[in-house]
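J.: Here it is, the structure in full.
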Amino acid sequence: MNTGAKIAIGCGVAALLGVFAVVVLVGGAAWFVKDKFGDIAEHQERIEEFQAQANAVPFDQPTDNVVDEERLKTFIEIRRRVAVAYEPHRDLLERQNDDDHEASLDDITGAMSMVFDIQLALAQAQAEIGMSEEEYRFLVEQVYTSKWAAAVADQTGGKSLSEAASGAFEAAIAQLQKSAEQEGVTDEQRAQIEEQIAQMRDSAANAGAQTSALDVPPANIELFRKYESDIEELAMSGLPLAGL
């Protein structure tokens, strides 16, 4: 990978680095930019070395997407290590999430350190503990879909998303059928209601196919609840700004 490719490690990061370069060059310190870009390439090489080591750990995604508890515990330990690198940059990351915030020079220069500190911490933790990038991404997805599914279950008496959607359609259809059976309803009105019911059934079938694909294995929801306090403690909303 050439130096330019190593520098451009994500749209958000690249934008911050681009602004940083312009600001410093305008200030007449081109030597500093060159020095920092050299550091970036060196950091990226270290990250790639750790990633190669981590990716040597085999991973086959389970067909049922059920998360193994021991692998979740490994994931949590990796997140705990990443949090150590994340914490010093928390204020900067939170300011970037503020729509009214205008980035200062300190923010821009801090972003360079933030990005590589966090990316390096993640890659090193994955290499040392033993988890590939693919498995890590899989667990991120399963953890946060399980969190969402647990919230749905809490609000619907333990139902999955597809069950909740099906129940809503059934209730609406039952209400329409009740309306069709009321006294005084003309044949024309009844025909219109029956047409609405048919359309509602079609919509229910389509929604069922879509929401079933979003259902989370009950075992994952149970596992999420078991480790919810750890997961919530290590929820780092600013990670996307570091390309993670």
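J.: Which order do the peptides 140-151, 42-53 take when ranked by the mean count of other beta-carbon atoms within 10 Å per residue, highest first?
T.: Result, highest mean Cβ count within 10 Å first: 140-151, 42-53.
J.: Ranked from highest to lowest mean number of other Cβ atoms within 10 Å per residue, what is the order of the peptides 60-70, 165-175?
T.: Going by the mean number of other Cβ atoms within 10 Å, highest first, we get 165-175, 60-70.
J.: Pop out the ³J(HN,Hα) list for region 43-58 in order, Karplus 6.51 cos²θ - 1.76 cosθ + 1.60 with θ = phi - 60°, rounded to Hz; leave Gly and Pro as x.
T.: Listing the rounded values in order: 4, 5, 4, 5, 4, 5, 5, 5, 4, 4, 5, 5, 6, 6, 6, x Hz.
J.: Indicate the gyration tensor shape class of region 156-218 (rounded, prolate or oblate), computed on the Cα atoms with a ≥ b ≥ c the square roots of the eigenvalues: a/c under 1.5 is rounded; otherwise a/b larger than b/c is prolate and the rest oblate.
T.: Oblate, because a/c is 1.5 or more while a/b does not exceed b/c.
No value in this document is a laboratory result; all are computed from the given coordinates. Here the structure is a predicted model, which is why all the values come from computation and not from measurement. Reconstructed Cβ throughout: ideal geometry from the backbone, glycine too, with neighbour counts over all protein chains shown.
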